[in-house]
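J.: Sharing a structure with you now.
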Amino acid sequence: MDFAINSDGSAMDMMGLTSNVTTSTNVSTLKQMKPKLEDSKPNSTFPSGWFRVAFSNELKPGQVRPLHYFDKHLVLFRTEYGTAHVLDAYCPHMGSHLGYGGHIKGNNIYCPYHTWAFDSQGSCVGVPYSHKTPPKVRIPTWPVCEVDGLIMVYYHPARKPPVWKFPGIQEWSSQQWSPFRRRTWQIRADIREIGENNLHDLHFFSLHGSRFRSAETVALKLDGPMFQRKLASQIFFSDQFKIEADSTQIFTQYGMGCVTIVSQIEFKVPLCMLNVVLTTPIDQDRIETCILLSTRKLLFGMANPFLNWLAMIEVASQLDGEIDVFENKIYLEKELIYPEDGPIVKHRQWTQQFYSESEI
């Protein structure tokens, strides 16, 4: 999990591990979404922190990609020397989108319209038909951290620099874990719903009742941008195969953009599964959620691909069953929370650090 931080806050993945992911996409469209109930987004800005905008294996040296997150149009590019950067999308000359037709030479990105050149810091470094380069023309940049196959950007509504480092995924490069599978959803929901959903103890029974027999929080840890919860439960690991077992799950949330879930399932053969839930705001109504999944390899190797496949089916089916709830509920600042609902109050107090003071 080695990475180097550049002077602009970016980081370069030093492991070269950018292709060990099996992908699948299930994207809801606005036409498929049901009408949203009135209310309730008291925070008009997005939370600050690190958020995934791409995977390393999606961006080769010299490639350019348009992005739309945080209700902004952005451009992601990788220089010919391998470093990923994110800028605001539009050329300050005449407003062309650099993500559509822009190209890379060396460390610079060139506008598709008049070939103005901008370096990785967003500064204009060349106008092809003039000897004069405007000294104060600059496209705003975004801090980038590339680690363990993820390209992360740091968002702050006032564009303040990062105040903490994204830790990465320790298991990404481990030979003890199977290659990661992934699925992606676009959901009309408040990003706070994702983190809180892992804390609602009683929803395990009401929404996933066929899987959970018991669930109890046995430990909580809060440390700056990290919120960790340990849950002991008894579950059906698979409805299809009727596997019942005791389970211990450790939920670790890093900011508002990443939750890791390590599940230890005590069956005839102990099973260990890792979910990485990466969520990024698209706009005020929609989020993009990607789940990465891996299982610890068993001694008998032929079972590993099957176990990975089965685990992804199980995890994806649980989120599929929750989307209809997410897209048709409102986020209430003052919910009627019972102690049995889980540590919601402590989590909400913890999340306030990611919103600007004017929004709390």
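Throughout, read-outs are computed from the coordinates displayed, never taken from laboratory work. Here the structure is a predicted model, which means the values were calculated and not measured. Cβ sites come from the backbone with ideal geometry, for glycine too, and all protein chains shown count toward neighbours.
J.: Name the GluC sites (Glu not before Pro) in segment 274-348 that are in a loop by DSSP and that have at most 12 other C-beta atoms within 10 Å, would you? Mind showing how you got there, number by number?
T.: Values: sites: GLU288, GLU314, GLU322, GLU327, GLU333, GLU335, GLU340; in loops: GLU327, GLU333, GLU335.
Of the GluC sites (Glu not before Pro), the ones in loops of segment 274-348 whose Cβ has at most 12 other Cβ atoms within 10 Å are GLU333, GLU335.
J.: Put a dot 7 Å past each Cα toward the Cβ at LYS221 and LYS136; how far apart are the dots in nm?
T.: That separation, rounded to one decimal, is 5.0 nm.
J.: For segment 82-159, build the charge dipole from Cβ charges (+1 Lys, Arg; -1 Asp, Glu) around the Cα centre, then report which of SER130, PRO157, THR83 sits farthest towards its positive end.
T.: Value computed over the given set: SER130.
J.: Let me ask something additional. Modelling each spin label as a point 7 Å along the Cα-to-Cβ direction, I'd like the SER317/TYR113 distance in nm, to one decimal.
T.: Placing both labels 7 Å along Cα→Cβ, they lie 5.2 nm apart.
J.: I want to check the label-to-label distance for THR184 and ASP341. Put each point 7 Å from Cα in the C-beta direction and report it in nm to one decimal.
T.: Between THR184 and ASP341, the label points sit 3.3 nm apart.
J.: For a quick size check, give me the Cα extents of segment 127-182 along its three principal axes, largest first, whole Å.
T.: For segment 127-182, the Cα extents along the three principal axes come out at 57, 29, 16 Å.
J.: Which loop chymotrypsin sites (Phe, Trp or Tyr not before Pro) in segment 291-351, with loop taken from DSSP, have no more than 13 other Cβ atoms within 10 angstrom of their Cβ? Spell out each step's value before the answer.
T.: Working: sites: PHE300, PHE306, TRP309, PHE326, TYR331, TRP350; in loops: PHE300, TYR331.
Of the chymotrypsin sites (Phe, Trp or Tyr not before Pro), the ones in loops of segment 291-351 whose Cβ has at most 13 other Cβ atoms within 10 Å are PHE300.
J.: Once fully extended, how much extra length lies between GLN352 and ILE330, figured as 0.36 nm per residue of separation less the alpha-carbon to alpha-carbon distance? Could you put the intermediate results ahead of the total?
T.: Values: separation 22, 0.36 × 22 = 7.92 nm, distance 1.86 nm.
The GLN352-ILE330 span can extend by a further 6.1 nm.
J.: So how much slack lies between HIS103 and GLU244, counting 0.36 nm per residue of separation and subtracting their Cα-Cα distance, in nm?
T.: Values: separation 141, 0.36 × 141 = 50.76 nm, distance 5.42 nm.
So the chain would gain 45.3 nm between HIS103 and GLU244.
J.: Which residues in segment 48-72 place their backbone N less than 20 Å from a point set 7 Å from the Cα of ASP285 along the Cα-to-Cβ direction?
T.: Within reach of a label on ASP285, which here means backbone N under 20 Å from a point 7 Å along Cα→Cβ, segment 48-72 contributes 68-72.
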